[in-house]
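Okay, so here's the structure we're looking at.
The numbers here are math on the coordinates, done by the rules we state, and not lab data. Predicted model, so just to flag it, every value in this text is computed and none were measured. Counting neighbours? That spans all protein chains shown, and the Cβs are built from the backbone with ideal geometry, glycine included.
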Amino acid sequence: MLTGLLNIELPVVQAPMAGVQDSALAIAVSDAGGLGSLPCAMLDAAGVARELAAIRSATGRPVNLNFFAHRQPAFDAVCDAQWRRVLRVYYDELSLDPDDIPAGPGRAAFNADMVEALRPFAPQVVSFHFGLPDEALLAPLRGWGAKIMATATTVAEARWLDARGADVIIAQGLEAGGHRGMFLSADVSTQLGLFALLPQVVRAVGVPVLAAGGIADAAGLAAARALGASGVQVGTAYLLCPEATTGALHRAALQDETRRHSALTNLFSGRPARGLMNRLMAECGPMSGQVPAFPLAAAAVAPLRARAESLGRDDFSPLWSGQNPAGCRAMPAAALTRLIAGRAD
């Protein structure tokens, strides 16, 4: 069973959500009996170690540590210049200099430095987005007994992960918010809705499968389990919890019934990710062929986001959300975890 494999009580995993959470949300979910997750892709090794120390001091329950397994692209000066030209009108509007773009938030792939940062803590669960790192990096994790989870957005990806020893596969439906975990193909037409993808993945692999995308309550968990899932991974529903670090503009957008249209966009990072529509997505088109490869696109958008947010505008903010923002609840994460599991107080 999933709960026994991961040493948890409830078949609910909180999705790792970089930029809108830290260890506080993960701790609250794990203490409630689910599996909290800490997004580590935007942290350096020292930052990961600090968060792990905070987790260890707060709870003895397992917490999932999530990393990206992408291949860092080479810098393309032509594409970078093209992207800056696209954004020039916004830089001019906000009195910013597009030729003076600082480094954006990093999204580093899992590496040997991270292995060493994790070693003293020997985490029980580690998950990956965009495939898996090389076996040489996975071997130490397996050696201290960590269970490996990874995201699949197609049946082919699920089989690939199963063949490489993933202990749990996360079937990420098209409804899910944040970055698509796709890694065998960049073709978004391969992406399926959760209830089309889930039963195919369950039949194709021999390990437990988590269902991810649009699930926010016990009915969603029951539906996923009826299609063979061993549990669910839930992200968007936690964004209004007090333990989340979701910004005020993002929280307001999630609660605005007139803004519940989400779309896949590559404008903020260079990879497809689902978020609520805003000005940049509407005016540039959610998906653009002029965007630098992931994660290089983020640097040019970051100054626009910072300036606009200082003016109370979310024009250039990645408002990550799945297709079910109505499922968000402004309640403690522990209570929400139990509610999703069908064990509401």
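Tabulated results
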item	result
Mean Cα-pair separation over length for segment 238-331, i.e. relative contact order, pairs under 8 Å, 6 or more apart, %	37
Order of 283, 9 - criterion: other Cβ atoms within 10 Å of each residue's Cβ, fewest first	283, 9
DSSP bridge pairs, segment 155-309: antiparallel proportion in percent, nearest 5	45
Distribution of pairwise C-alpha distances over segment 187-345, 10 Å bins, in %	10, 33, 34, 20, 3, 0
Sites residue 80 and residue 335 - FRET efficiency at Förster radius 41 Å, r taken between beta-carbons, to 0.05	0.35
Principal axis box of segment 58-99, alpha-carbon based, largest edge first, Å	51, 27, 13
DSSP-defined antiparallel bridges as percent of all bridges, the chain, nearest 5	20
Mean separation of Cα contacts under 8 Å, 6 or more apart, over the residue count of segment 198-275: relative contact order %	20
Ranked 190, 265, criterion: other C-beta atoms within 10 Å, fewest first	190, 265
Residues 301, 12, sorted so that the one with the fewest Cβ neighbours within 10 Å comes first	301, 12
Segment 166-257 - Rg (one decimal) and Dmax (whole number), Cα, Å	14.4, 42
The chain: relative contact order as a whole-number percent, Cα under 8 Å and 6+ apart	20
P(r) tail fraction, segment 78-234 - alpha-carbon pairs more than 28 Å apart, %	37
Size-normalised alpha-carbon gyration radius of the chain, reference 2.2 N^0.38 Å	0.95
Paramagnetic label zone (point 7 Å from Cα along Cα-to-C-beta, residue 121; backbone N under 16 Å) in segment 56-71	56-68
Shape metrics for segment 3-107, restricted to C-alpha atoms - Rg then Dmax, Å	19.1, 56
Prolate/oblate/rounded label for segment 270-314 (Cα gyration tensor, a/c 1.5)	oblate
Amide H contacts under 5 Å for residue 179, placed H, 5+ residues apart	274
Net length gained if the chain between residue 284 and residue 190 were fully extended (0.36 nm per residue, minus Cα distance)	31.5 nm
